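Just below is one structure, and these are the notes that go with it.
The values are calculated or read from the model by the stated rules, or taken from the named source; none is laboratory data. Everything numeric here is computed off the predicted structure, so don't read it as measured data. All Cβ positions, even for glycine, are placed from backbone atoms using ideal geometry, and neighbour counts span all protein chains on display. Accessible surface is based on the protein model in full, side chains and every heavy atom, while ligands, DNA and RNA are left aside. Shrake-Rupley method; radii C 1.70, N 1.55, O 1.52, S 1.80 Å.
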Amino acid sequence: MLLQEKLKNKKLILASQSPRRKQLLAEMGLQFEVMVKSVDESFSEDLKKEQVALHIARQKAEAFDHEIDNNTIVITADTIVCLGDKILNKPTDRADAVRILQLLSGNKHTVITAVCLFSNEKEKYFFVETDVYFRPLSSEQINYYLDNYKPYDKAGSYGIQEWIGLIGLEKIVGSYHNVMGLPTAELYLELMDF
């Protein structure tokens, strides 16, 4: 059975403003609507890195508690970028984006996306990790990327599907779509089982 058939009597809500997540979910052949609620994305410093993404995805899902009917499934996600144990958030400004990209230049980092599936009957959380290796990036390359792509809404200050991924990516170990913000293969399996 295809996932589309399994979900034909369900309403899917994607609780994300991310154009990448919308694109990936649509490319999976799923019908959904986008509905976003404002949530507190702060987290305790005591959490391990994968727990941070899970915590935020869960906060986004729980904002829908008591607001959906029995035929609705809410999908939330949160993506973080980690250099070792340090979480690199969305840049606060251009100087911060330059700093973050200089840190990633020539190094391996880990992208963790946590996903929550939430309905009135149950909830399921999972996360996927992908290791990303960047080639050394010159100041000119970083500045060109920031001037032309303005990735200020992205964890780690970059989108792998954009120019910087095309020229700076040495290799990835794990899911490419996870780095874009939604681990589609894992999501497909989890929705089939939900």
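Which count do you get for residues in segment 160-194 that are of a type in the set (A, V, I, L, M), surrounded by 15 or more Cβ atoms within 10 Å (Cβ to Cβ) and part of a helix (DSSP H, G or I)?
So the answer is 5.
With the condition being basic (Lys, Arg) and closer than 30 Å to Glu140 by Cβ, I'd like the helices (runs of 4 or more DSSP H) fully within segment 10-118 carrying at least 2 qualifying residues.
Helices (runs of 4 or more DSSP H) meeting the threshold: 94-104.
How many of the residues making up segment 119-128 are assigned to a strand (DSSP E or B) and open to solvent by 70 Å² or more (accessible area, probe 1.4 Å)?
Number of matching residues: 3.
Applying the selection to segment 129-159, what residues are buried (at least 22 other Cβ atoms within 10 Å of the Cβ), touching a strand residue (DSSP E or B) at 6+ places or on another chain (Cβ under 7 Å) and not in a strand (DSSP E or B)?
Ala155, Gly156
Would you mention how many residues in segment 3-26 are touching a residue at least 12 places away in the same chain (Cβ under 8 Å), closer than 21 Å to His177 by Cα and open to solvent by 70 Å² or more (accessible area, probe 1.4 Å)?
3
With the condition kept exactly as written, say whether any residue in segment 84-107 is open to solvent by less than 30 Å² (accessible area, probe 1.4 Å) and within 23 Å of Leu189 (Cβ to Cβ).
There is no residue in segment 84-107 that is open to solvent by less than 30 Å² (accessible area, probe 1.4 Å) and within 23 Å of Leu189 (Cβ to Cβ).
Going through Ser105, Ser119 one at a time, which residue ends up being more than 16 Å from Ile13 (Cα to Cα) and among the polar types (S, T, N, Q)?
Ser105
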